[in-house]
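FYI, it's all coordinate maths here, none of it is from the lab. These figures come from a predicted structure and were not determined experimentally. A quick note on method: Cβ atoms are made from the backbone with ideal geometry, for glycine too, and the neighbour counts reach across all protein chains shown.
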Amino acid sequence: MTKPKVLISGASVAGPALAHVLHRDGYDVTVVERAPTIRDSGYAVDFRGAAFDVLAELGIAERIREADTAMRGTTLVNADGTAAGRLPAAAFAGDLEVPKSALTRILHEITCADVRYVFGDTMTALRDHGDGVTVEFEHGGTADFDLVFGADGVHSTVRRLAFDPQPNPLRHLGMSGAGFTTTNHLGLDHQGLLRPGDGSAVYLFSAGDPGRLTVSLSFATASPELDRRDRAEQERAVRAAFAGQGWEIPRLLTAMSEADDFYFASSCQVRLDRWSRGRIALVGDAGYCAAPTSGMGTSQALVGASTLARALRTAGDHETAFAAYESELRPYVEDNQAKGYEAAAMFGGATQPTP
Ligand SMILES: Cc1cc2nc3c(=O)[nH]c(=O)nc-3n(C[C@H](O)[C@H](O)[C@H](O)COP(=O)(O)OP(=O)(O)OC[C@H]3O[C@@H](n4cnc5c(N)ncnc54)[C@H](O)[C@@H]3O)c2cc1C
């Protein structure tokens with residue numbers, strides 16, 4: 001019997017996790033990833049609750065534990081840097097935290113022998129004609145699939161191609177931030193420092209490489225417009241938000257300009273009434289991002305992939321499966337999205353969803 005053919009867009013967390021389970025369930029799986037190779041982004045991701053069941057299901061729980069960043073907690077500091085309190089490691093590192101690159105590498109390793117990976121490409125058109133989906137690729141012609149999944153993150157191309165026209169599903173959390181690494185001049189050892197301010201916040205931590213400090217400078221902004229600007233303008237906005245602030249701020253602003261791993265993003269959630277259309281479904285941040293402040297993005301991507309694959313296994317057809325996936329997962333997602341807003345306030349963001 002011919003195996004059903006599926007295409008997954010995105011080779012980060014949700015995509016390879018879904019690919020692994022679908023291959024095991026008898027699907028012929030292709031993953032297309034826009035980046036030229038597995039991405040090696042440096043920040044840490046954490047696991048909470050039900051995500052541990054998925055790590056076990058994928059057979060990678062032990063390997064993931066070996067990559068533990070072993071954070072020991074975060075000191076809250078006042079504007080002048082004096083200690084004001086202490087947050088336990090779980091506040092930012094969940095029940096287990098690893099570098100994101102370790103997770104994506106392990107997920108790729110367990111799937112690359114069985115799943116066809118196409119790097120450096122993306123889809124430009126999706127035509128769902130009822131009994132299949134015809135996909136056009138930017139570099140590789142056209143191919144037909146039984147099902148297509150968008151695991152391509154907050155700004156998902158699958159969502160744009162398959163779900164438009166729709167109201168804008170992105171909800172800005174009223175904050176943006178720059179991230180980069182610099183030398184660990186504060187000597188932090190598996191520790192974080194959080195300096196919340198009025199409309200801005202600094203979070204610093206060092207784990208893994210003891211010589212490096214990861215820096216996040218976040219601040220209140222009315223819209224995600226800055227994401228589309230160039231680095232010079234983004235840096236100017238960060239400088240304006242932190243102007244006149246003391247402590248380590250001037251030194252960190254200098255380090256920001258010198259960083260070769262500068263990163264800028266606004267905090268957004270994805271809110272959609274439905275996560276599927278016909279033979280096309282969304283998984284992970286593409287369908288229901290809860291924002292980085294929730295600390296649940298990675299857990300949600302894993303739990304989402306597992307729930308979707310289980311629904312396909314137990315339902316007789318994809319329509320029943322997609323409905324079951326959504327009704328089972330939505331309460332979990334809504335809870336995580338509420339957490340995203342609660343935590344945003346600590347980093348200078350909004351506390352309520354915009355309508
Ligand atoms: C700054 C920052 C800090 C974070 N901190 C944490 C944290 O502390 N804890 C935590 O749990 N989570 C954190 N997250 C969130 C976490 O990284 C995500 O929620 C999680 O990775 C979601 O996985 P995903 O696979 O759904 O999407 P993503 O990891 O976003 O992956 C999407 C993939 O799709 C690819 N792609 C995009 N467009 C296309 C296209 N058109 N065609 C093909 N491929 C495409 C991308 O290159 C990428 O590989 C953070 C996120 C950010 C941005």
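Annotations
- Long-range HN-HN contacts of TYR117 with modeled amide H, under 5 Å: VAL31
- Rg to Rh quotient for the stretch 1-98, alpha carbon positions, Kirkwood Rh: 1.14
- For the chain, calculated [θ]222 nm from helices alone, where every DSSP H run of n ≥ 4 adds -39500 (n - 2.57): -10000 deg cm²/dmol
- Cβ crowding within 10 Å averaged over residues, with 211-220, 335-344 ranked highest first: 211-220, 335-344
- J(HN,Hα) series, the stretch 45-51, from Karplus relation 6.51 cos²θ - 1.76 cosθ + 1.60, nearest Hz, glycine and proline x: 10, 10, 10, 9, x, 4, 4
- Low-density loop cleavage sites - chymotrypsin sites (Phe, Trp or Tyr not before Pro) in the stretch 1-88, where at most 16 other Cβ are within 10 Å (DSSP): TYR43
- The stretch 1-101 - charge dipole about Cα centre, Lys and Arg +1 at Cβ, Asp and Glu -1, debye rounded to 20: 200
- Dipole axis of the chain (+1 Lys, Arg; -1 Asp, Glu on Cβ), positive-most option in SER276, PHE262, VAL148: PHE262
- Our Cα-only numbers for the chain put the radius of gyration and Dmax at 20.6, 69 Å.
- Listed residues ALA79, LEU58, VAL118: farthest to the positive end of the dipole of the stretch 1-153 (Cβ charges): ALA79
- For the stretch 80-215, alpha-carbon Rg and Dmax in angstrom: 21.4, 64
- Against the rule of thumb 2.2 N^0.38 Å, how large the Cα Rg of the stretch 203-339 comes out: 1.38
- ³J(HN,Hα), Karplus 6.51/-1.76/1.60, whole Hz, each residue of the stretch 96-104, x for Gly, Pro: 7, 10, 9, x, 4, 4, 5, 5, 5
- Debye, to nearest 20: dipole size of the chain, +1 on Lys, Arg Cβ, -1 on Asp, Glu Cβ: 360
- Radius 11 Å from Cβ of THR181, net charge of other residues (Lys, Arg +1; Asp, Glu -1): -3
- The DSSP beta bridges internal to the chain are antiparallel in roughly 70% of cases.
- Cβ-defined net charge surrounding THR2, 13 Å radius [Lys, Arg +1; Asp, Glu -1]: -1
- Computed as a quarter of the hull surface, the mean projected area of the alpha carbon convex hull for the stretch 173-267 stands at 5.8 nm².
- Candidates ALA151, ALA241, ALA19, ranked by Gaussian network fluctuation over the chain, Cα under 10 Å, top entry: ALA241
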